[in-house]
Amino acid sequence: MPTLATKSKLTEGRADMTQIKIAIDGPASSGKSTVAKIIAQNLGYTYLDTGAMYRSATYLALKNGVSVTDEEGIIQLLKQYPISFGRSESGEQLVFVGDVDVTLPIRDNEVTNNVSAVSALPKVRETLVALQQKIAKQGSIIMDGRDIGTVVLPDAELKIFLIASVEERAERRYKENIAKGIETDFESLKEEIAARDYKDSNRSVSPLKPAADAITFDTTGIDIQGVVDFIQEKAKKMIDKA
Ligand code: DC
């Protein structure tokens, strides 16, 4: 059975180190998951991609012919095919629904264009937030999403809200898609990102917004390493201060 990778030996048992929770929120393609993965690796922390969970719920609905607005139908599917995480031999995080590896299909355009509808359903959020909070109980976790600092981990020691212009985020996603062999039209991508920003920020339940105590960081024109350094420096200060 796939299990979420646990924290590395690096932080285990070090009585002189504080185990903190790091929340990274922000709009689509703001670089959250890329930097969170690197920081998790560097610090020996568990990384949890909460967007992958909403994508998995969306995948289940589409795959099973359930409407993306059918809250009860999707809740049933999540019970039937629980979401779990694992690791490939090369160390990549894998996402499963039941026993099926959905790591790649949850990135398809059809899932991407329907995920905002599914993530606006209150009971779906309730179910997935409960799972996210359960996973976070082990401590030393870095989680990325839209509502981590506001709802999932309101007590996170470090909260970062990443932003970047729509143009730059579309460019990043375009390059990623091309590298993965996903056919993409740049202008449509820009429109889709802007539309998803709007829906994610204006839904009634847990909209995308910075927590009052979050540090907002504009990554426009800043490379991945620059963002990693900015966050990691703050995290290390907190971790080492015990
Ligand atoms: O981070 P991502 O693009 O993979 O997220 C996919 C969608 O899931 C995003 O459009 C909004 C939703 N989401 C959410 O509502 N809350 C989260 N914590 C994470 C993602």
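On the basis of being buried (at least 16 other Cβ atoms within 10 Å of the Cβ), at pLDDT 90 or above, more than 16 Å from the ligand (Cβ to nearest atom) and not aromatic (Phe, Trp, Tyr), does Gly26 make the cut?
no
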For this session: Test Ser84 against the criterion of being of a type in the set (Ser, Thr, Tyr), away from the ligand (no atom under 14 Å from the Cβ), closer than 21 Å to Lys134 by Cα and not in a helix (DSSP H, G or I), and give yes or no.
Result: yes
For this session: Output the residues belonging to the range 42-72 that are assigned to a helix (DSSP H, G or I) and under 20 Å from Phe217 (Cβ atoms).
Result: Asn42, Leu43, Thr50, Gly51
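For the range 136-229, which strands (runs of 3 or more DSSP E) that fit wholly inside it have 3 or more residues that are more than 15 Å from the ligand (Cβ to nearest atom)?
Output list reads 215-218.
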Exercise. If you take the residues of the range 212-233 that are charged (D, E, K, R) and without any contact (Cβ under 8 Å) to a residue 12 or more places away in the chain, which of them is surrounded by the most Cβ atoms within 10 Å (Cβ to Cβ)?
Worked result: Asp229
Exercise. Restricting attention to the range 93-109, and to residues there that are in a helix (DSSP H, G or I) and at pLDDT below 95, which single residue is farthest from the ligand (Cβ to nearest atom)?
Worked result: Asn109
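The values are calculated or read from the model by the stated rules, or taken from the named source; none is laboratory data. Predicted model only: the values in this text are computed from it and were never measured. Backbone-built Cβ (ideal geometry, glycine too); neighbour counts: all protein chains shown.
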